[in-house]
1. For the range 20-64, what are the residues that are surrounded by fewer than 19 Cβ atoms within 10 Å (Cβ to Cβ), among the small types (Gly, Ala, Ser) and within 19 Å of the chain's Cα centre (by Cα)?
2. Considering each residue of the range 251-298, count those that are at pLDDT 90 or above and of a type in the set (Asp, Glu), and give that number.
3. From the set of residues in the range 159-183 that are part of a helix (DSSP H, G or I) and out of contact with any Phe, Trp or Tyr (no Cβ under 8 Å at 6 or more places or on another chain), which is farthest from Tyr274 (Cα to Cα)?
4. Would you say Val85 is touching a Leu at 6+ places or on another chain (Cβ under 9 Å) and within 25 Å of Pro138 (Cβ to Cβ)?
5. Every residue in the range 250-274 that is surrounded by fewer than 20 Cβ atoms within 10 Å (Cβ to Cβ) and either in contact with an Asp or Glu (Cβ under 8 Å, 6 or more places away or on another chain) or among the small types (Gly, Ala, Ser) (or both), please.
6. Go over the candidates Leu106, Leu70 one by one and state the one that is hydrophobic (A, V, I, L, M, F, W, C) and in contact (Cβ under 8 Å) with a residue 12 or more places away in the chain.
7. Condition test on Ser162, is it in contact (Cβ under 8 Å) with a residue 40 or more places away in the chain, within 30 Å of Lys50 (Cα to Cα) and hydroxyl-bearing (Ser, Thr, Tyr)?
Amino acid sequence: MLGLQYFSFEAIWSPLFLLLFIGVAIVYLLLVGPWSIRFKESEAVAWWRKAVFLIGLTLLYLTQAGPLSLLAHLMFSAHMFNMAVSYILVPPLLLIGIPAWMLRPLLRIRVLQYLKFLMHPLLTMVFFNAAFSFYHIPTIHDYVMTNYEVHAAYYVLLLVTSLMMWWPIINPLSDEEQLSGLKKMGYIFANGVLITPACALIVFANEPMYNTFTDPTIWAEAMGYCVPAGQDWVLTQFSGPQFFTSMSALDDQQLGGVIMKLLQETLYGILLLYVFKEWYRNENPEKEDDLPPSMDPA
């Protein structure tokens, strides 16, 4: 079985992106630390919120520029795992870690004020799920994967729309209109429903859908920048999961759909439980002492 020894250090770890993410982490820690006095409404940020932000930033690096990003070019199942982590798990971690007093100056920018209507929950829900589903149309996916600039731009689009999708659920600005508990639960449930058709199409397909993982020529075009000079012979003999595992392309594709759906359902399920508990506490404060142990606020 071929392994990562065929790829350079630059291909596996993307040093420039690593330095960029480290720089973002340092600036964040300075902003919520010594530089926070420059913000009029600044308050101390709890250590766990800082940790959550840094965890989200680390996961984003690993899935978009680190080893998991390379693996996602080899295996569709790894690609879908990256999708789930990058756009279902990372956005809420980043939003939790950014304090409201840091966001307010940015949101006062005039252009963003004009675009504020785009943050309506119905629009944010449609934007992300449409962008995700559109990307996984086979011809679109193969085109994006074989054009580096388009690939980078589309992944930025997915990250932006995923942050927009999570905003109505985790909005750190207490002075803005917030969704009620019931509406939040409906919003989360609707997001789970909208992403299901794309996952189902992938899981129940009878043949591999993506030439990026099956056609050696297209795969070589998508992977060429990762393989060191002198070892490009591997690109003409292997493609997709066969480069890294004995799994067939169809099995790998179906596993990818299952991984995406299970991770999405798990994360949304946990969030639904939390939102329900908060809604129940707000609606029944006098019954707080009667909650079963599993729902005790403590």
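The values are calculated or read from the model by the stated rules, or taken from the named source; none is laboratory data. Model, not experiment: these values are computed from the prediction. Cβ placement follows ideal geometry from the backbone for every residue including glycine, while neighbour counts extend to all protein chains displayed.
1. Passing the criteria: Ala25, Ala51.
2. 3
3. Val160
4. It is true that Val85 is touching a Leu at 6+ places or on another chain (Cβ under 9 Å) and within 25 Å of Pro138 (Cβ to Cβ).
5. Selection gives Leu250, Gly269.
6. Leu70
7. So Ser162 fits the description; yes.
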